[in-house]
Amino acid sequence: PGRVLCKVPCSGEKEVDLAVQSAKAAFKIWSQMSGMERCRVMLEAARIIREQREEIATMETINNGKSIFEARVDIDISWQCLEYYAGLAGSLAGEHIQLPGGSFGYTRREPLGVCVGIGAWNYPFQIACWKSGPALACGNAMVFKPSPFTPISVVRLAEIFTEAGVPKGLFNVVQGGAATGQFLCQHPDVAKISFTGSVPTGMKIMEMAAKGIKPVTLELGGKSPLIIFSDADLENAVKGALMANFLTQGEVCCNGTRVFVERKILDTFTKEVVKRTQKIKIGDPLLEDTRMGALINKPHLNRVQGFIKQAKEQGAQVLCGGDLYVPDDPKLKNGYYMRPCVLGNCKDDMTCVKEEIFGPVMAILPFDTEEEVVERANATKFGLAGGVFTRDIQKAHRVVAALKAGMCFINNYNISPVELPFGGYKSSGFGRENGRAAIEYYSQLKTVCVEMGDVESVF
């Protein structure tokens, strides 16, 4: 509620270098272990997280302001992620290729070295697991920088890895803002950078990485479309729209914030969404029945409020919420709370429909035909996610095939199991987290060509 939790010293160039050197030393040991040996250590880390789920979730709620109910889900996804990659660690392999005359070639999948992870403040612990899971499974070390707004829970993850038995320094945490990030990206001993955050920062990171020819994975912003056809199960579609807009106070990059509703059901759908939005319980995130906590900080709350004000000026209609909320508990009166907002009468060219707000603000837009809605859905520089609600299975697959987005949902939204790759198209970034796909981004391929006869020389 607007109070300082702790003070964390920013890591300067010297501290960043120490973290990288210590990760480099640990990498020598870890990369020589077999996949099965790494698997056992990672399973142990997953077990500790599972065992301490409640206390880590509480820490995450205090760290970020999201409800304890959601924080528990984040922690579950975190240990599942480590379990999943532990399972893949022992199966990483190359292939053998027969060549003429008994000669052959083979490939080896090798780790990159010291990888850098830079996290966002909306899912601090979970993002650190999404990045470290595949990195460690492939035999890499990682230096992780959490957002300065949520510095706490990742430190706990580092302690857990150490308890589980990873070599000392294999997963290091540095704290700080843009300057610390810059030292990491420009460090000569860093092999790869994986960043989750905003488009402008992503551009800067890509630029810095270019100087050292370092590969990057970028998970950036979104302004994702959620398309609701008139033949959808209405109850389900309403739930989907709430899931697509109000998780973690709306501070989710893949949120479906442009809700396109077929005109035939516009009124019914809107009424129901407004009714359900008004029932969302806001307040102390540590209470069991709270479903929406506080936004991350004052400047961000002001920014979200600014978007709503501008939306009204441009002709959008606030159907509910959008105002500040003051909880009854006097301890929380300075907290950054607001009521979730639904905007009607929206047009495609409004700022609230074009730009990522990153707060609990849903924009409802009517449409008439499938062809028209697909075109409007794709008319954005972003391409992180997209969703379709319909009972017509052919239409569902046809529409998601036409959406220019990396993560699509049919009759659900914001479900991200670790088994499925996650990432965007266009300005939303490239590279993938989760699934087998992430292995590609944390390893490199070596080809070996073996001659079994005499060298055929042209000389």
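The values are calculated or read from the model by the stated rules, or taken from the named source; none is laboratory data. Just so it is clear, the model here is predicted, and its values are computed rather than measured. Note that we place each Cβ from the backbone using ideal geometry, even for glycine, and neighbour counts take in every protein chain shown. These accessible areas exclude ligands, DNA and RNA; they are computed on the full protein's heavy atoms, side chains included. Shrake-Rupley method; radii C 1.70, N 1.55, O 1.52, S 1.80 Å.
Under a plain spin-label model, where a point goes 7 Å from the Cα along Cα-to-Cβ, how far apart in nm are Gln21 and Leu445?
3.7
Please report, in cubic angstrom per residue, the volume enclosed by the convex hull of the alpha-carbon atoms of the stretch 13-221. If you can, show how the numbers build up before the last one.
Details: hull volume 26.7 nm³, N = 209.
Roughly 128 Å³ of hull volume per residue.
Taking the chain as the reference, fit the longest principal axis to its C-alpha atoms, fit the long axis of helix 53-64 to the helix C-alpha atoms, and give the angle between the two in degrees, 0 to 90, nearest 10.
Taking Cα atoms only, the helix is inclined about 60 degrees.
For the stretch 1-137, which whole-number percentage of the solvent-accessible area (1.4 Å probe, protein heavy atoms only) is attributable to carbon and sulfur atoms? Could the numbers behind the result be given before it?
Values: 3430 of 6080 Å².
In the stretch 1-137, the share of accessible area belonging to carbon and sulfur is 56 percent.
What FRET efficiency comes out for the pair Met452/Gln186, r = Cβ-Cβ distance, R0 = 45 Å, nearest 0.05? Mind showing how you got there, number by number?
Numbers: r = 45 Å, r/R0 = 1.01.
For R0 = 45 Å, the calculated efficiency reads 0.50.
Under the rule of at least 5 residues apart or a separate chain, name every residue whose amide H is placed under 5 Å from the amide H of Arg258.
The answer is Ser224, Leu226.
If I ignore ligands, DNA and RNA and count only protein heavy atoms, how much of Ile77 is accessible to a 1.4 Å probe, in Å² to the nearest 10?
40
Within straight cross-link reach of Lys279, meaning Cα distance under 28 Å, which lysines are found once same-chain residues fewer than 8 apart are removed?
Lys279 reaches Lys66, Lys223, Lys239, Lys264, Lys271, Lys298, Lys309, Lys312, Lys331, Lys333, Lys347, Lys354.
Could you pull the accessible area for Lys204 with a 1.4 Å probe, rounded to 10 Å²?
130
Just reorder Phe104, Phe459 by solvent-accessible area, largest first, 1.4 Å probe, all chains present.
Working: Phe104 55, Phe459 215 Å².
Most to least solvent-accessible, the answer reads Phe459, Phe104.
Could you give the angle, 0 to 90 degrees to the nearest 10, between helix 393-402's Cα long axis and the longest principal axis of the Cα atoms of the chain?
70
Give the angle, between 0 and 90 degrees and rounded to the nearest 10, that separates the Cα long axis of helix 13-30 from the longest principal axis of the Cα atoms of the chain.
Once rounded, the angle reads 60 degrees.
Sticking with the crude label model, points 7 Å out along Cα→Cβ, report the distance from Arg40 to Ile97 in nm, one decimal please.
Taking the two extended label points, one gets 3.5 nm.
How much of the DSSP bridge set in the chain is antiparallel, in percent, rounded to the nearest 5? List each step's numbers first, then the result.
Values: 18 of 55 bridges.
In the chain, DSSP labels about 35 percent of beta bridges as antiparallel.
If you scale each eigenvalue of the Cα gyration tensor by 5 and take the root, what three semi-axes come out for the stretch 225-410, rounded to whole angstrom and sorted largest first? Please report the intermediate quantities before stating the final value.
Working: eigenvalues 161, 57, 44 Å².
Ellipsoid half-lengths, sorted descending, are 28, 17, 15 Å.
Work out the length of the dipole vector of the chain about its Cα centre, built from +1 on the beta-carbon of each Lys and Arg and -1 on the beta-carbon of each Asp and Glu, and round it to the nearest 20 debye.
Values: 52 positive and 50 negative charges, 187 e Å.
Result for the chain is approximately 900 debye, rounded to the nearest 20.
Quickly work out the Lys309-to-Arg3 label distance, labels modelled 7 Å from Cα along the C-beta direction, and quote it in nm with one decimal.
Spacing of the two 7 Å Cα→Cβ label points: 3.0 nm.
Near the amide H of Phe409, under 5 Å away, which other amide H atoms are found, from residues 5 or more places off or on another chain, if H is placed in the peptide plane?
The list, which skips near neighbours in sequence, is Gly386, Gly387, Val388.
Sort Trp79, Trp30 from largest to smallest accessible area, using a 1.4 Å probe on the heavy atoms of the protein chains.
Working: Trp79 40, Trp30 0 Å².
Solvent-accessible surface, decreasing: Trp79, Trp30.
Identify all lysines with a Cα-Cα distance to Lys24 below 18 Å; exclude those on the same chain that are fewer than 8 residues away in sequence.
Lys14, Lys131, Lys145, Lys168, Lys192, Lys214
Please compute the Cα-Cα pair-distance distribution of the chain with 10 Å bins starting at 0, giving whole percents from short to long.
4, 20, 28, 24, 15, 6, 2, 1, 0
Rounded to the nearest 10 Å², what accessible area does Arg40 have for a 1.4 Å probe in the complete protein model?
Approximately 150 Å² of Arg40 is accessible to the 1.4 Å probe.
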